[in-house]
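Enquirer: The structure that follows is given in the form of structure tokens.
Readers should treat all values here as calculations from the given coordinates under stated rules, not as data from a laboratory. Just so it is clear, the model here is predicted, and its values are computed rather than measured. Virtual Cβ from ideal backbone geometry, glycine too; neighbours counted across all protein chains shown.
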Amino acid sequence: MKLADLDIIVTAPPAPGWGGRYWILVKVTTDTGITGWGECYASSVGPQAMDAVIRDVFERHMAGENPENIELMFRRVYSSGFTQRPDLTVMGAWSGLEIACWDILGKDRDRPVHALIGGQVTDRVRAYTYLYPTAPSHRLPDFWVDADMAAESAVAMVEKGYTAVKFDPAGPYTLRAGHMPAMSDISRSVAFCKAIREAVGDRADLLFGTHGQFSTGGAIRMGTAIAPYSPLWFEEPIPPDNPAELEKVAAGVPIPVAVGERLSTKAEFAQALRHGTSILQPALGRAGGIWEGKKIAVLAEAYNAQMAPHLYAGPIEWAANVQLGASLPNLLMAETIETPYHSALIKGTLTVEGGYIPVPQGPGLGIEVDEALARAHPFKGDGLHLQMQEAPVSYHEVNVFEGGAPSIPE
């Protein structure tokens, strides 16, 4: 069995767009007719350029290869062009293709992926959700800065069975260096934590999200302010390009530090562990795929750290997260996004039931992709999957972060 053909679909989730502006799906077929699906997480170039990168990685390093030889193909990609260090764009391309290889191998052996990477440790994965609008009164963009609305959404999610909810009221991320938060951003963050904690009590963990926007001192100020409400984690408090500073945040704030959405390969995650991170959040469509995710989890286990796979993408990466998570003794939880399009794209083959994701037992990733639906929603914009704000934060006006799906100007 050899890898033979590649197809790429860039599909755009309908409004409101939870999960990003577009998802890059890869369909890989072997010379024996087995098809595997993967997903490449947000990249630093546009979809057309990324299409070319994915095809180059496949044709240069994978075509004609046995899909079992994942380690060999990874070393080719990781070393390509005399690098041997994480290249986010190239590793993003590889990650989606690697996920597809595991889907192929599982289908070839009629076994779920988790059975091929150590077996099943748990039959259901604890899920967490971001807080999105849940009521007609939750109008955008007001919802993102209203603590009472967030608390109402949290209650709705807890009533569905979720035991952890994530929110990020601390203002937008910008392309500038880490900044000191405005006092109004700190006050709003405290208000969110207070309102949500009072609304859900001890029925759910609070996951405080940021996007690497703070200076080290700013992160410590913010973390100290929200600490009385016992968040389970303080997510990506500083930019990802200086892991040594994480150690100061971890030492200065009594909340576990979590990072990983923007990191790639065990090399970068090892640095995070060395500098005080206790929860790792790899996005498997960027971090190196399922096998690299397993290696990252082994490193985390040695540091007594836990795994919480990240998701701000489509349901194929979600399926990969669940297969990996099912095999991990140090799994904490996995992010989930429930939209009609997420469900329809995989024909409802992956679900959340009472706050947990039942681990699929079907072959490969255990999902069925609606290829026609994916093609029926092509991406026609010119933005990137996620974009950083160019303007600096304000110290006299309200800073609004629009939940990863900013309004499109008319």
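Enquirer: Which helices count as membrane-span-like in the chain under these terms: full DSSP H, at least 27 Å along the axis by C-alpha, Kyte-Doolittle mean of -1.0 or more?
Expert: Qualifying helices: 88-109.
Enquirer: So, counting K/R as plus one and D/E as minus one, what does the shell of residues with Cβ under 14 Å around ALA250 add up to? Spell out each step's value before the answer.
Expert: Values: positive: LYS248, ARG274; negative: GLU235, GLU236, GLU245, GLU247.
In short, -2.
Enquirer: Using only helices, what value at 222 nm comes out for the chain when you add -39,500 (n - 2.57) per DSSP H run of length 4 or more and divide by the total residues, to the nearest 500 deg cm²/dmol?
Expert: Per the formula, -11500 deg cm²/dmol.
Enquirer: Separate question: Could you list the square roots of 5 times each eigenvalue of the Cα gyration tensor of the stretch 41-110, that is, the equivalent ellipsoid semi-axes, sorted largest first and rounded to whole Å? Mind showing how you got there, number by number?
Expert: Numbers: eigenvalues 86, 42, 21 Å².
So the equivalent ellipsoid measures 21, 14, 10 Å along its semi-axes.
Enquirer: Across the chain, how many lysine pairs separated by 8 or more positions, or lying on different chains, have Cα atoms within less than 22 Å?
Expert: Taking the chain as the scope, the lysine pair count is 13.
Enquirer: On to the next question. Under a 10 Å cutoff between Cα atoms, tell me which one of VAL165, VAL121, VAL249 has the largest fluctuation in the Gaussian network model of the chain.
Expert: Of VAL165, VAL121, VAL249, the Gaussian network model singles out VAL121 as fluctuating most.
Enquirer: Within the P(r) computed for the stretch 271-331, what percentage of the Cα pairs occupies the region above 18 Å?
Expert: Across the stretch 271-331, Cα pairs with separations above 18 Å total 26 percent.
Enquirer: Right, another one. Starting from the Kirkwood radius over alpha-carbon pairs of the chain, derive D by Stokes-Einstein at 37 °C in a medium of 0.692 mPa s and give it in µm² s⁻¹.
Expert: Once the numbers are plugged in, D ends up at 154 µm²/s.
Enquirer: Looking at the stretch 15-166, I'd like the Rg to Rh ratio, where Rg is from alpha-carbon atoms and Rh is Kirkwood's inverse mean 1/r.
Expert: 1.08
Enquirer: Moving on to the next point. In whole Å, what is the distance between the alpha-carbon centres of the stretch 70-110 and the stretch 304-332?
Expert: Rounded to whole Å, the Cα centres lie 18 Å apart.
Enquirer: Over every pair of different alpha-carbon atoms in the stretch 226-289, take the mean of 1/r and invert it; report that Kirkwood radius in Å.
Expert: One over the average 1/r among Cα pairs gives 11.8 Å for the stretch 226-289.
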